[in-house]
Amino acid sequence: MKITTITNLEFGKMVQAASQKLNQRAEFINSLNVFPVPDGDTGTNMSLSMASGAKYEREETSTQVGDLAAALAKGLLMGARGNSGVILSQIFRGFSKSMAGKATLDATDLTEAFAAGAQTAYKAVMKPTEGTILTVIREAAGAGKKAAKKTDDIEEIMNEIVKAAEAALKSTPDLLPVLKQVGVVDSGGQGLTFVLEAFSDALSGRIDESDDYVPDDAEMDSMIDAAHHQSVQGQLDPSDIKYGYCTEIMVRLGDGKEVDHKFDYDTFYDYLAKLGDSLLVINDDEIVKVHVHTEHPGDVMTWGQRFGALIKVKVDNMRLQQETIMEHDQQPAETAEEVAQSAAPKIDMKGYAVISVSSGDGLTKLFKGLGVTNIIAGGQTMNPSTADIVDAIKASGAKQALVLPNNKNIFLAAEQAADVADIPVKIVHTKTISQGMTAMLAFNPNAELLENQEDMESTLSTVISGQVTHAVRDTTIDGLAIKKDDYMGLVDGKIVVTNPDRDEATLEMVKKMLDEVSELVTIIYGEDATKADAEKLGQAIQGLDDELEIEIHEGDQPVYPYLISVE
């Protein structure tokens, strides 16, 4: 039967079917992850994110489809886990905004909503990469709009959307070489394709309402506890600082003699994005605030003056700051235990909360000793959701907060939490536990929030991070043949060593981390290693260079028997 209108009943079936399908296919999606590392899985993350969205949608009492879509988007936002979950939430954020106020949907409404979802998702990612979930939603949305010009049958249009998604998914290895190398399609794109297939199945009657499944809270907790993470799919590394001047301006819109532009966010943002990186643009009706790293701070100021009067300007030479930090790091430092015993109780946080993601009692003690106020359990073994981070911010009772994700797969969830938090929040983009600890050495409770964020992020390049874990399947990465259960050494997220012997793998990894200026090697041993193991490893590392200083700490972290940093 021809379908020309989606009511609340059809929309509810679509959402619940998508949640069910992602739950059923989570392990398959996980198997597509590029790297064989036990980390936050795409399938698990997308399944839990969609389950949260479906729960919110099911609990919404309105019969307006626009309201149900808003509830879905809110639930996805709050439950978003990992980059894949956050991007999925952004797709449905744009999707829901497009259908705001609509009681029902026709073919045009639906296809415009998918187009808006694609646009929002692309804007949410600073450097969009083709061959990912973004490619799939863009191609699917385009096919939907094209089909809607020929028919008003929504079932037929959804079939075309699914075909386009499947074709786009099939093309992802051609767009992203790492996928072709491993022989898989993009895992996030596969998850989205399952969502679209479920929408189509629900509309066509291929899914019975009685088959709908959404985990309740207890089941979701069980899913989280039972999840064994294998890998994280990260293709981008934006951490290298290429621009030397941290530039901040505040503009009062419409004032000033140089004004010749009416403020438009996209126009304003797009020009600045070409001048550097680490760009933040925040505005209301009267003021726009800018933070950017650039080589041309004068161009930033000139651009601001075209929209209004400059009421605040701040420029810092980050290269000079970096030299100062490196000089400080070369001085003898207290161990983390000494810091924990002496410094931590005396810190006046001045209304700050510093929230860190980590797993393991030892790591908790180390972070607390460095001044971290709140710990979110998770990271390598489970990516916390947006809601988890928001809850930690609320529980801190602070006036402002910094969040250390210590895992790049948590960045987007942390950024979304910062967007919805009731207090000012900044993210320090730490990718590893070692970076998190290094960043804390630059924290100053007397500094402004943005200043702390920048100062802490500027230290991240001073530390090299190594992680040792086991492979969960056979694969080949960058020409390196990896066998299931072998140990792997990862340096700054890249697999550089594989060996069936844990100690040999670790020592070979450390060799690749050292250079002529290396001074300090820190070993944090996890729950699968002992202090004696770590001391033996330390002696072996000392044998590589007897001038190295070796520090050993108990971390109790799961999954990674050793976390190693070199400074």
Going by the structure shown, is residue 151 closer than 26 Å to residue 45 by Cβ and among the hydroxyl-bearing types (Ser, Thr, Tyr)?
no
At least 2 residues that are among the hydrophobic types (A, V, I, L, M, F, W, C) and modelled with pLDDT under 90 in each: list the strands (runs of 3 or more DSSP E) lying fully within the range 472-562 that qualify.
480-482
Kindly check whether there is at least one residue in the range 15-35 that is acidic (Asp, Glu) and at pLDDT below 90.
yes
Does residue 97 qualify as being closer than 21 Å to residue 54 by Cβ, touching an Asp or Glu at 6+ places or on another chain (Cβ under 7 Å) and not β-branched (Val, Ile, Thr)?
no
Condition first: among the polar types (S, T, N, Q) and surrounded by 24 or more Cβ atoms within 10 Å (Cβ to Cβ). Now tell me which residues in the range 63-114 satisfy that.
83, 84, 89, 90, 96, 111
Among the residues of the range 453-491, the number that are out of contact with any helix residue (DSSP H, G or I) (no Cβ under 9 Å at 6 or more places or on another chain), within 22 Å of residue 526 (Cα to Cα) and crowded, with 18+ Cβ neighbours inside 10 Å is 3
For the structure I just gave you, tell me whether residue 454 is outside the structural domain of residue 561 (by TED's automatic domain parsing) and either at pLDDT below 90 or out of contact with any Pro (no Cβ under 7 Å at 6 or more places or on another chain) (or both).
yes
Find the residue count for the range 402-429, including only residues that are within 16 Å of residue 383 (Cα to Cα) and in a loop (DSSP other than H, G, I, E, B).
4
Count of residues meeting criterion [farther than 21 Å from residue 440 by Cβ and crowded, with 19+ Cβ neighbours inside 10 Å] in the range 414-430:
1
In the range 430-444, is there at least one residue being touching a helix residue (DSSP H, G or I) at 6+ places or on another chain (Cβ under 6 Å) and assigned to a helix (DSSP H, G or I)?
yes
Being in a helix (DSSP H, G or I) and either more than 16 Å from the chain's Cα centre (by Cα) or surrounded by fewer than 19 Cβ atoms within 10 Å (Cβ to Cβ) (or both) is the filter here; which residues of the range 371-401 pass it?
391, 392, 393, 394, 395, 396
Name the residue that is surrounded by the most Cβ atoms within 10 Å (Cβ to Cβ), counting only residues in the range 52-62 that are among the hydroxyl-bearing types (Ser, Thr, Tyr) and in a helix (DSSP H, G or I).
52
Yes or no: residue 404 closer than 25 Å to residue 494 by Cα, under 18 Å from the mean Cα position of the chain (by Cα) and buried (at least 24 other Cβ atoms within 10 Å of the Cβ)?
yes
Quickly run through the range 163-184 and pick out the residues that are surrounded by fewer than 22 Cβ atoms within 10 Å (Cβ to Cβ) and β-branched (Val, Ile, Thr).
178, 182, 184
Given the criteria surrounded by fewer than 16 Cβ atoms within 10 Å (Cβ to Cβ) and more than 21 Å from residue 434 (Cβ to Cβ), does residue 501 qualify?
yes
Residue that is at pLDDT 95 or above and in the same structural domain as residue 179 (by TED's automatic domain parsing), where the choices are 69, 51
69
Take residue 465 and decide whether it is hydroxyl-bearing (Ser, Thr, Tyr), touching an Asp or Glu at 6+ places or on another chain (Cβ under 7 Å) and at pLDDT 90 or above.
yes
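The values are calculated or read from the model by the stated rules, or taken from the named source; none is laboratory data. Since the model is a prediction, treat every value here as computed from it, not as a measurement. Here Cβ is always computed from backbone atoms with ideal geometry, including for glycine, and neighbour counts include all displayed protein chains.
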